[in-house]
Each structure stands twice: as structure tokens, then as C-alpha cells.
Amino acid sequence: MKKIFRYGCMTALAIMSAASCNTKEFLKEEPLDFYTPDNALKTSADFQSAVNYLHNRMRHILFGGINLDANFSLRYATDFAVNATDYNPPVKLNDYKNTMVPTFNVVEVIWQNVYTVISNANVVINRAPQATGLSEADRNLFKAQAQFFRAWGYNMLANLYGGVPIMTEEVTIPRTNYVRATRDEVYQLCRKDLTEAIVFLKNVETVKDGAVNKQAAQHLLTEVLISLKAYDEAIASATQVINHPALSLMTARFGRRSDKPGDVYRDLFELNNQNRTSGNKEGIFIIQTDYLNPASPARDVIQWAIMPNITNLRVNTSVNGAPPTSQPAMLGFNDQLAGRGIGWIRPTKHFLYTIWGDPNDIRNSEYNIVRDFRMDGVPVNSDAYGKWYVKDGFKAKATNFNDTIRNWYPILKKATFSEGDFPIEVVQKDANGNPIMSPFGGRMLFNASGDVYSKDAYLMRLAETYLLRAEAYIRKGDAGSAATDINKVRSRSNAADVDAGDVNMDYLLDERLRELYVEELRMVTLCRMGLLYDRDKKYNEKSGLTIETYHNLWPIPFSEIERNTDAKIDQNTGYK
């Protein structure tokens, strides 16, 4: 017993002595029942999960999974759309001066969620090269994908806020000493990340649908190089994408519904037509989403927000020759027009009525922008039943002031399903379980859940690459080459060519509206170009009344300045 006790004491003393020599190791916590980067990022499957999470966070930012106002603010209060939910007094971004301030929740939500993407990308970028469980090819590929996401995040921040704090390492402890880099320094980091990533990323035709690929990085690099005024390099980068043999503008009908009335532009936005597996060679980077998939948002809120609230639309109509009375124009939301909309994002008059000068432009065809409908909500024995709301003059007889503000305006079909594509759960049914149909057009009527919308969406497609190269040519002073690129896009849409003498930045921005409406984060584009004030002042009926030149950049969130106690983050000029 004495020997056992003696050896026990000696062992304890040895352990204590070793611990005193290496206290940090002895006290180091080893997580056994939760994941950290140290114990979770080891295998290829682990790193793929980390990259999938980056896709997930990007999807939430773009589809409204973070905050509805934040998502919508990336599109409205621009030359494309107004906020139609608030009339008098104007609030939100209908009143730029009093809403776009450092305490506005939108500027904080976007800032924090984009930095979440960046922070998680940093983990992969720093861990992948050290992962002994990966092949060298996998280490390079996972790092390259994360660099793409980091560049995408910093590019968005620089476009919206100007110079922002740069962090390229994992943050393991709270920091309160951030300082702003210059806008060009942020763009230079994006350039470095993308240039390095392009070496290891695979071509678009060799990766799974929705995966980061070489051409997506080159497309994003083109935009970054334009911001850096490296126009020749931007042209070269865009040319690599445009000349890639696996990519081309879609000029012939394709995919599902190609045998039905329509056109190729509508085909681009039909359900399941966005990916290469559908025959689409125009998509470069496609955000993947599926109905009832827990990895996706419950829905893409754009359909719900941008469609008019047609069930609130009323018209004056005479029943059996009696004096006109107010009646609902629509029987209900339906799958032929738009599903359930609330008219939150209402396109501007400039977009709906001014920019469509060419009657042959299929982007404005009846298959893509619905400008009229037959009324089925009024009594059968009224003078409005079965008549066209616009063509037959009933728009002028609408009784509620908001009919062209929120309850009726042309419907953008690229932001909704086609008839028959909505989930059966949202369809109204009779006592026998059969769908309830409108008498006109065979359209099915929906219940209150008719705003369900989950469809893969373009983050990048080749048409925009042409327009980015055109922008670089314009900035370089080569209007002829810019016109050639713009006409490539217009030709696909059966629109007449534009002359080089008519090409300038305003024309390019109108062309981007015609081609990229709904898809484009218009706020980000206009802030990047420093033209938010000019275009909003000229074309937005509401926010254009209060916008100031300093709004070309968003304010730095006050919360970020306040918590950064050990260094100073300067506010953008014009904000208090």
C-alpha cells in the first residue's frame, strides 16, 4: 500500500509539474459535444457543408430570408420601383432624407448579413490550405469557392457603403478596433480573391447546377475592374466569359412550355428552365431553391411583393341597367396572372411606360408583361363582366384611388409561375375537392397561400456580361463597341439596333432595366455607378422628391460605429 501511495503521489506531482510548465495546453478546452472549426472542418464533406452554408446565406440575402425591408430596398427607391405600401405621409425609402439615416434598420441588416458571409468565407479560406484530410486539388477548390463568396460580399459592401473595414482572418475574439479601408482597397481585395480563385475554379459546364464556377468569377471580376477604372482588363475579363464555348445567349425556344405560345425571353424564366440541365446555355450562376426544401427559404418574397393586389381592385359597373355601383374587378388571385400579390414593390412609370419604345421588343410582349385582363369578379349581368379592364375603358372607372398605385399595374411574369405551376395546396377547391376555376382563360383561383413562389433565380447570366462589357467600352470612350454589345442583347429580343451616337450611360441603364428587371439588385448597381441620385431624382415618383446627392452611398450603420470603441469608423459624408 505504501508503494502504491508513493507512486501515486509521484504521478500526481509529475502531472502537476507538467501542467505548470504548459498551463495553456493543460487548460485548453476540447469540445466533445458541439462543432467548432477545429473539429468540424476535416473532410471534403465537412468543407462542402461549409460552402453550402455560404450559398444558403447568400440566398437568404437575395430572397428575403433576412428582412423584407432589407431585401426590397435592394430593388425599390430606384429608377425601377417605388414602395407602394405607404401613401401619406411617405415613410421608408419614399422619404430618403428622413429614412436613409445611420439608424435605419435596413443598412444594419444588410451590413451584418453580408459580413456573416465574409466571416464564414474567411474560415474556409484559412482552414482549407491546412486541412490534411483533403487532396491538394480539393484544398485549392474549396478555398477558391470561398474567395468567390468573400469577393461577392466585399463588392456589395463597397458598392453600397464605399470603404468598409477589411477582415481576412478568422475572428475568434470580439474586436472593437476596426477602421475603414478605402473603397478602392476593398475592390482591390475583391480583385485579388477573384484572380486567385479563377485559377482553380472549374468551368460552368463541368460543375453541378448552382455551383461556383470560373465564368461566374470572371463575370464578377469584370464588374470589380470597372469600379477600379481598369477598363481594358474589364473588357478582357468579360470577353473570356462571352467567348467561352459552353455559354451563349438563348435565341430559340427551349425547355418546358417551349411547345406553348410564348417567346424565348419567357422561356428563360419558366420554372426549372434556369439551369444547364434544361438546355439553358445563358445562365452563369444560378441560385438554387426548391419548394418545401428546408435548406431553402420558405419562399422567394419577390413574387408576393412585386405583384399587384388585384383582389382589392374595384370598378364602377352597371348591373341590369341600374346606376353604376362599385364592384370587385377580380374573382380572386389566380395562376394565369400572378398568384397572390400585395403590391409592395410597384414599378415606376419610367419602367412600365417610357422605356419600351420598340413595339417588337419581346421583353415587353404579352407573355412577359401582362397589361390587361378580363374581369370576372363583377356580377354576370353587369356591363363589365368578361370585358377587358384597360382596353374596354374600365380602368378609367376604377373607384379606389390606389388602383394604379398598388392594386393594378402591369404584371411582370418573370417574377411569377406560369399557370399550372403553383403547388396544388394553394388552389381553392369545391366541396368535391375539385379546383375552382375562373370562367375566363381556365385559370385556377387561389386561397390566401397563393403567394408561394420557389424558383431558381439568376445571379449572373450572359446577357449581363455583354452589358458589363458595354459599360467598360462606354467608360473607355468606345461607343461603337458598346453599341455592338448592346445590340447583341437587343437582337435576341427582336429589338431594333441602337446607333453608336445614341449610346451613353443613361441608355445603358435603360437597357439594363429592359433586360434585367426584377433580377438585378438595382440599388447596388446605381450606388456602384454613383448614379442613384440622378436616376432616382429623374424617374422615381416618390423617393425622387427627397433624395440628396449624398445618398449615392448608404450610411455606415450607427450601431457599428458605436460598438467600435477602440478605433474610429468615420461616417459617410452627409449623414449625421
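The values are calculated or read from the model by the stated rules, or taken from the named source; none is laboratory data. These numbers come from a predicted model, not from an experiment. Virtual Cβ from ideal backbone geometry, glycine too; neighbours counted across all protein chains shown.
If you go through region 148-176, how many residues are polar (S, T, N, Q), under 23 Å from residue 573 (Cα atoms) and at pLDDT 95 or above?
2
Any residue at all in region 281-289 that is touching a Gly at 6+ places or on another chain (Cβ under 7 Å) and at pLDDT 95 or above? Yes, region 281-289 has at least one match. If only residues of region 420-461 that are of a type in the set (D, E, K, R) and under 24 Å from the mean Cα position of the chain (by Cα) are counted, the one that is modelled with the highest pLDDT is 461.
How many residues, within region 358-382, are over 28 Å from the mean Cα position of the chain (by Cα) and crowded, with 16+ Cβ neighbours inside 10 Å? Residues that pass the stated criteria total 7. Could you go through region 539-560 and let me know if any residue there is among the charged types (D, E, K, R), surrounded by fewer than 20 Cβ atoms within 10 Å (Cβ to Cβ), touching an Asp or Glu at 6+ places or on another chain (Cβ under 9 Å) and more than 18 Å from residue 161 (Cα to Cα). No, the conditions are met nowhere in region 539-560. For residue 466, the conditions (1) touching a Gly at 6+ places or on another chain (Cβ under 7 Å); (2) among the aromatic types (Phe, Trp, Tyr); (3) not in a loop (DSSP other than H, G, I, E, B) are fulfilled apart from (1). In region 125-172, the residue that is farthest from the chain's Cα centre (by Cα) out of those that are assigned to a helix (DSSP H, G or I) and of a type in the set (Asp, Glu) is 136. Residues in region 225-236 that are under 24 Å from the mean Cα position of the chain (by Cα) and either more than 16 Å from residue 474 (Cα to Cα) or assigned to a loop (DSSP other than H, G, I, E, B) (or both): 228 only. Exactly one residue among 411, 486, 405, 474 is at pLDDT 90 or above, over 19 Å from residue 512 (Cβ atoms) and surrounded by 17 or more Cβ atoms within 10 Å (Cβ to Cβ), and that residue is 411. Checked against the criterion of being at pLDDT 90 or above and either touching a Pro at 6+ places or on another chain (Cβ under 9 Å) or in a loop (DSSP other than H, G, I, E, B) (or both), region 31-39 has no qualifying residue. Kindly check whether there is at least one residue in region 304-321 that is surrounded by fewer than 20 Cβ atoms within 10 Å (Cβ to Cβ), without any contact (Cβ under 8 Å) to a residue 12 or more places away in the chain and at positive phi. Within region 304-321, one or more residues are surrounded by fewer than 20 Cβ atoms within 10 Å (Cβ to Cβ), without any contact (Cβ under 8 Å) to a residue 12 or more places away in the chain and at positive phi. When residue 178 is tested against (1) under 23 Å from the mean Cα position of the chain (by Cα); (2) of a type in the set (Phe, Trp, Tyr); (3) not in a helix (DSSP H, G or I), only condition (1) is not met.
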